[in-house]
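What follows is a single structure, written as structure tokens, with notes after it.
The values are calculated or read from the model by the stated rules, or taken from the named source; none is laboratory data. No experiment lies behind these values; they were computed from the predicted model shown. Using ideal geometry, Cβ is built from the backbone for each residue, glycine included, and neighbour counts are taken over all protein chains shown.
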Amino acid sequence: MSYSDQEKLAAETQLLQFLHASNTVDDTFAYASNQNLDHELVVGVVKSLLVDAFVTASDLSTSFWVLSDEAESFLAHGSPEVQLFHAIPASEGADKVTLEGVLGAAHFKVAQGACMKNKWIRMDKATGLIFRNVETVKDTATEQLKLVASAHGSVDQVPDDVSKDLKRRKLISLQVRKSYRVGKGPNFALQRKRQAAGLNKDLLDSEEWKTEKFKPYNFNTMGLAVGGGHLHPLMKVRAEFRRVLMDMGFDEMPTNRWVESSFWNFDALFQPQSHPARDAHDTFFLTTPAKAVSVPEDYFERVRDMHEHGGHGSIGHGRGAFTRDESFKNLLRTHTTAVSARMLYKLANVSSARSADGYT
């Protein structure tokens, strides 16, 4: 339950005045009841005052009996067994159907068992009628519940045999209430002045910061959650595509070769060495190491022959259009298609290569 600032301030002033007069609050629950306040509101005020050392507090734990809904019905109408006894005419008997109509079938069953156990009633087997067996009865269960209610559930004021009987019939249950014993703290005063949380322009302009009391830093509090570390939307899309392709049976080709030779990046993909298409990329050549160590010689010769003389419908670019020096230049890989070229060559030269699908 939430309370307004006015309610909190009024409860705080009331508590401080009580402590000023009485020095201690023995039990916040009893105090709240006597002052006609919600215990939850009082506990909130106590915890707030504890922060500024206006009060001291120690935990209290109180066990007490709570009446069930059925027990409340006992107090209002009497126990089912007594209700059954009074429903039977004093000089005449009553049949089961009539009594069930008065008490209800469920209550009649419970009441009949209790009355038979106490020998309050008897049943005529010949007629099936139920008669009173005694003149008067005492409603022990209801009297016991009245005792619990008058003691406000206090465990100390309810005899063990009484609580045992009522608990067996599930008329009461034991609960634990948490409360506090409150005393004056080292900073106790009748009125609390809120400490400043930090410097501001008004404090600086008025120079009140020189005498102002500032709230101490609490280094144990949790800070605000940092709203960082989120995946970029495009990375999420990439991850989803990757999952779909791998679920379809594709293998992911390795793309961790960031430095590539011009042979695999351009030549193997049949981009002419003198063609401006190579400059359409953000192409960055390396100075160290400037040249690749090696490329597959057999494949190099086939690629060079295709560049110079053509084949498969191509006429080539002419003799001298392809040089080893240009082909061995290192650069930062400009596209992952170079990975595809390497992988296709690798798969073609593995004798046991299976049919493979790959993506980058």
If you go through Phe263, Phe270, the only one that is among the hydrophobic types (A, V, I, L, M, F, W, C) and at pLDDT 95 or above is Phe263
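Restricting the stretch 279-325 to residues that are among the aromatic types (Phe, Trp, Tyr) and part of a loop (DSSP other than H, G, I, E, B), which is farthest from the chain's Cα centre (by Cα)?
If we filter the stretch 279-325 for residues that are among the aromatic types (Phe, Trp, Tyr), which is where we start, we get 284-285, 299-300, 322.
Cutting the leftovers down to part of a loop (DSSP other than H, G, I, E, B) gives us 284, 322.
Values: Phe284: 51, Phe322: 66 Å.
That would be Phe322.
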Of the candidates Ala268, Ala292, Ala280, the one satisfying the condition of being without any contact (Cβ under 8 Å) to a residue 12 or more places away in the chain, small (Gly, Ala, Ser) and under 17 Å from Leu332 (Cα atoms) is Ala280
Note on the stretch 181-215: residues surrounded by fewer than 10 Cβ atoms within 10 Å (Cβ to Cβ), within 18 Å of Leu9 (Cα to Cα) and either free of Cβ contacts under 8 Å to residues at least 24 places away in the same chain or within 38 Å of the chain's Cα centre (by Cα) (or both) are Lys193, Arg194
Taking the stretch 110-126 and keeping residues over 16 Å from Ala94 (Cα atoms) and of a type in the set (Asp, Glu) leaves none
*Is the stretch 133-153 home to any residue that is out of contact with any Cys (no Cβ under 8 Å at 6 or more places or on another chain) and assigned to a strand (DSSP E or B)?*
no
The one condition Thr127 fails out of (1) among the hydroxyl-bearing types (Ser, Thr, Tyr); (2) exposed (fewer than 14 other Cβ atoms within 10 Å of the Cβ); (3) modelled with pLDDT of 90 or more is (3)
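Would you pick out the residues in the stretch 168-180 that are surrounded by 15 or more Cβ atoms within 10 Å (Cβ to Cβ) and either part of a strand (DSSP E or B) or modelled with pLDDT of 90 or more (or both)?
First, the residues of the stretch 168-180 that are surrounded by 15 or more Cβ atoms within 10 Å (Cβ to Cβ): 169, 171-172, 179-180.
The answer is Leu171, Ile172, Ser179, Tyr180.
Any residue at all in the stretch 234-241 that's part of a loop (DSSP other than H, G, I, E, B) and out of contact with any Gly (no Cβ under 9 Å at 6 or more places or on another chain)?
First, the residues of the stretch 234-241 that are part of a loop (DSSP other than H, G, I, E, B): none.
No: the stretch 234-241 contains no residue that is part of a loop (DSSP other than H, G, I, E, B) and out of contact with any Gly (no Cβ under 9 Å at 6 or more places or on another chain).
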Scanning the stretch 1-22 residue by residue, the ones that are in a helix (DSSP H, G or I) and free of Cβ contacts under 8 Å to residues at least 24 places away in the same chain total 8
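For the stretch 217-257, enumerate the residues that are of a type in the set (Ser, Thr, Tyr) and surrounded by 11 or more Cβ atoms within 10 Å (Cβ to Cβ).
Within the stretch 217-257, the subset of a type in the set (Ser, Thr, Tyr) is 217, 221, 255.
Of everything in the stretch 217-257, just one residue is of a type in the set (Ser, Thr, Tyr) and surrounded by 11 or more Cβ atoms within 10 Å (Cβ to Cβ), namely Thr255.
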**Message:** Suppose the filter is farther than 15 Å from Val82 by Cα, free of Cβ contacts under 8 Å to residues at least 60 places away in the same chain and not assigned by TED's automatic domain parsing to the domain that holds Ile88; does Asp124 pass it?
**Reply:** no
